[in-house]
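All of the numbers you see were taken from the coordinates with simple rules; none came from a lab. Model, not experiment: these values are computed from the prediction. Backbone-built Cβ (ideal geometry, glycine too); neighbour counts: all protein chains shown.
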Amino acid sequence: MTMLAGLMDARHVIEVGTFTGYSSICLARGMAEGGRLICCDISEAWTSLARTYWQKAGLADRIDLRLGPALDTLRALPSAAALDLAFIDADKTGYAAYWEEIVPRTRPGGVIVVDNTLLHGRIFHAEPDPDAVAIRQFNEHVLADDRIVHAMLPVGDGLTVARRK
Ligand SMILES: C[S@@+](CC[C@H](N)C(=O)[O-])C[C@H]1O[C@@H](n2cnc3c(N)ncnc32)[C@H](O)[C@@H]1O
């Protein structure tokens, strides 16, 4: 994630799902000078740990935490296609809605990375759990989306990397 943000010289970055701050630190470390990372999370408790680690990592001034349901945060963003890089890693049933807010706000050539898109194979189960159903539908949604080109990487439990046309 650090390398990707660095390769892209990313300045406008958003993360959906921050938890204790690991991926946000990876993203913020790679951003260009003056870059800004908006972090969306619903948990005050987990993100208070993230704040501690942002301070320790010397990155707190680059990160703007928005506490609340991520969909509300995304919908409140300007509609201009200004994002260089986005990372989706929150509640799986929300992925499709996050995608629909993020794609139009991503600049041509910008990249959207989505975690857990294979769910360790759970998406292929005959009787998938609700998260697996949501991810399966999300993957179909991405496949049919001609605003982007994408690849699914079998890294961890699946990482989708999409580029806005
Ligand atoms: C898998 S963790 C994120 C991990 C983090 N990206 C990392 O790699 O270090 C998922 C996070 O999504 C947050 N989350 C769940 N539902 C959410 C919602 N509706 N809006 C915003 N954040 C939500 C949880 O509070 C949790 O911190």
- Query: Rounded, prolate or oblate: which fits the range 9-74, taking a ≥ b ≥ c as square roots of the Cα gyration tensor eigenvalues, rounded meaning a/c under 1.5, else prolate when a/b beats b/c?
  - Reply: oblate
- For the chain, find the longest principal axis of its Cα atoms and tell me its angle to the long axis of helix 44-57, 0 to 90°, nearest 10. 50
- For the range 141-165 and the range 1-59, what is the separation of their Cα centres, given in Å? 21
- Query: For the chain, modelled as a Gaussian network with Cα springs under 10 Å, which listed residue fluctuates most, Ala76, Ala126, Ala144?
  - Reply: Ala126
- Shape of the range 68-114 from its Cα gyration tensor (a ≥ b ≥ c, root eigenvalues): rounded if a/c is under 1.5, otherwise prolate when a/b > b/c, or oblate? oblate
- For the chain, with +1 on Lys and Arg beta carbons and -1 on Asp and Glu, the positive-most of Leu118, His12, Tyr53 along the dipole: His12
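In which sequence would Leu83, Leu71 go, from the one with the fewest C-beta neighbours within 10 Å to the one with the most?
Ordered by Cβ neighbours within 10 Å, fewest first: Leu71, Leu83.
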- Query: Spin-label point model (7 Å from Cα, Cβ direction): what's the Ala151 to Leu77 distance in nm?
  - Reply: 2.4
- Message: Nothing charged except the Cβ atoms of Lys and Arg (+1) and of Asp and Glu (-1): what's the magnitude of the dipole of the range 1-71 about its Cα centre? Round to the nearest 20 debye.
- Response: 100
- Kindly put Val113, Val133 in sequence by how many other C-beta atoms sit within 10 Å of each C-beta, fewest to most. Val133, Val113
- Taking the dipole of the range 11-165 about the Cα centre (Lys, Arg +1; Asp, Glu -1; charges at Cβ), the one of Ser24, Gly35, Met152 that reaches farthest to the positive side is Gly35
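So how do Asp61, Asp9, Asp41, Asp131 line up by other beta-carbon neighbours within 10 Å, fewest first?
Asp61, Asp9, Asp131, Asp41
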- Item | Of His120, His150, His12, the one that fluctuates the most in a GNM where the chain has Cα springs shorter than 10 Å | His120
- Task: Report the residues of the range 84-113 in range of a label on Cys26: point 7 Å along Cα→C-beta, backbone N strictly under 17 Å from it.
- Result: 85-91, 111-113
- Query: Is the shape of the range 39-165 best called rounded, prolate or oblate, per the rule: a/c under 1.5 gives rounded, else a/b larger than b/c gives prolate, else oblate, with a ≥ b ≥ c the square roots of the Cα gyration tensor eigenvalues?
  - Reply: oblate
- Message: Using a Gaussian network model on the chain with a 10 Å cutoff between Cα atoms, which of Val155, Val111, Val13 fluctuates the most?
- Response: Val155
- Given +1 on the Cβ of Lys and Arg, -1 on the Cβ of Asp and Glu, and no further charges, what dipole in debye does the range 1-136 carry about its Cα centre, rounded to the nearest 20? 320
- Message: Between 0 and 90 degrees, rounded to the nearest ten: what's the tilt of helix 130-143 against the longest Cα principal axis of the chain?
- Response: 90
- Note on the structure: Taking the dipole of the range 60-165 about the Cα centre (Lys, Arg +1; Asp, Glu -1; charges at Cβ), the one of Ala134, Leu74, Tyr95 that reaches farthest to the positive side is Leu74
- Note on the structure: Treating only Lys and Arg (+1) and Asp and Glu (-1) as charged, each at its beta carbon, one finds that the range 46-107 has a dipole about its Cα centre, in Debye to the nearest 20, of 160
- Query: Which value in deg cm²/dmol, rounded to the nearest 500, describes the helix-derived mean residue ellipticity at 222 nm for the chain, given -39,500 (n - 2.57) per DSSP H run of n ≥ 4 and division by the residue count?
  - Reply: -10000 deg cm²/dmol
